[in-house]
Structure formats: structure tokens, C-alpha cells
Amino acid sequence: MEYEIVISHKTSKDLVAVISKYWSFKDEGFVYSIENINKELSRLKYTQSTILDKSHCILHFSNCTLCFSSYEKIVTSRKEFLNEVNSQERVCNPCQSYSPKYLEGVSTIFPTQESIDELSDLEYRVLIGIIQLRDKMLIYKHIFNNDLENQEIWKIINMLQKKRIIWIERTNDYKIKSFKFSEKIPELIKNTQRN
Ligand SMILES: [Zn+2]
């Protein structure tokens, strides 16, 4: 997950430095403790509410669980930031508002052992290929054998996507960036009785 800090105009340099520290996030945690931030703020004669008045963060998520598109969330406090980052429910706002699937509960659409066991041998072979090869160009080479027009393979890929076992990450102009799968999938495959 990437994020950007948005700071209002006419914020003093000193305050910008503290704001950057306030939002600084790495490896699942904030880099600077609140005590540390408060100390700097009191030196400048500000409080935490000054930071929240003058700044917010935009989180960039690479894919919505329901529509697979990348999306952004605006957060206005560390608490909201953490809630979004730790949420199992990675869903964009429009899907949250309009998708009937969202009402069924996002957890029900995650792939299960059954989704793997149900795959045909061919689907399973392609899935293992995607997991082992990972790299887009290797997938084109060894699964598609360089024939990107191969509709049979696309059918399989689409089926795997429909079952939410894999998804395709795309660039803004809708070109394929990479093939993705959730960390749960290799675990599920280990438990699969198949040669
Ligand atoms: Zn969505």
C-alpha cells in the first residue's frame, strides 16, 4: 500500500516537518510515537488538532476485493489510517455503495479449500504456473507459449479470477501489470490432494 500526505497551503516549514513525521508509516506501523510528535508540537506551540486541521492522507490500494480495480481512501487520523490498513475488507467506495455482493459479506467471497478442489486439472495447472512463475513475461512465455490471443487460456484465467483465486493488476490505461493471488492460495494448495 502506498500513501501520500496532503498538507494545506500556508503551513509553516516547521509544522510541515512534524506533519510528515506524524503520517510516516512503514512496515505496518507509524514510525514516530505520538509522544515524540507531541513533544515537537508543544515546542512549536501547536496541538495534534493542528495537524489534523492542516493535513490528511490518501491511501492507494492496488485492488478492490470485489471489482479488482485500484482505489483510494482518504483518512483524516492515524486511527482511520490503521483501520483501513488492517481491514480484511479491501473494498472501494463505489462497490461498498452499490455492489450486491458487498451486502453478502466480503468474507464469503474469499476462495476456500473447496474453490481449489473444484478446479479442473487444466485450471489447476495454470494456477500452479501463475504461482510458481509469478513474473508476467514468464507467464506469457510458459503458460501462453507467447500466444496472447489464446482464448482457451484466457477463459481459464477469467475463471480463476471469477472464483477470486487470482486477479489481474492493471495499469491506468488498462494494460496488464501483473498476475496476483492472495497469500492464502499457496497455503490452500499445500492441502490439496492432487498430483
Ligand atoms: Zn470495487
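Residues to consider are SER107, SER115, SER70; find the one that is modelled with pLDDT under 95, surrounded by fewer than 13 Cβ atoms within 10 Å (Cβ to Cβ) and hydroxyl-bearing (Ser, Thr, Tyr). Spell out the reasoning first.
Numbers: SER115 fails: surrounded by fewer than 13 Cβ atoms within 10 Å (Cβ to Cβ); SER70 fails: surrounded by fewer than 13 Cβ atoms within 10 Å (Cβ to Cβ).
The match here is SER107.
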For this session: Please find, among ASN191, ASN93, ASN158, ASN195, the residue that is exposed (fewer than 14 other Cβ atoms within 10 Å of the Cβ), of a type in the set (S, T, N, Q), modelled with pLDDT of 90 or more and farther than 30 Å from HIS56 by Cβ.
Result: ASN158
Seminar exercise, completed: Going through the stretch 33-62 in order, the residues found to be within 17 Å of GLU4 (Cα to Cα) and surrounded by 15 or more Cβ atoms within 10 Å (Cβ to Cβ) are ILE51, LYS54, SER55, HIS56, CYS57, LEU59, PHE61, SER62
For this session: List every residue pair whose Cβ atoms sit under 8 Å apart, with the two residues 6 or more apart in sequence or on different chains, where the first one lies in the stretch 81-107 and is in contact (Cβ under 8 Å) with a residue 24 or more places away in the chain and away from the ligand (no atom under 15 Å from the Cβ) and the second, anywhere, is in a helix (DSSP H, G or I) and of a type outside the set (Gly, Ala, Ser).
Result: PHE81/TRP23
For this session: Only residues that are without any contact (Cβ under 8 Å) to a residue 12 or more places away in the chain and among the basic types (Lys, Arg): list them for the stretch 171-187, please.
Result: LYS175
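The values are calculated or read from the model by the stated rules, or taken from the named source; none is laboratory data. Keep in mind the model is a prediction, meaning the values are calculated, not measured. Note that each Cβ is placed from the backbone with ideal geometry, even for glycine, and that neighbours are counted across all protein chains shown.
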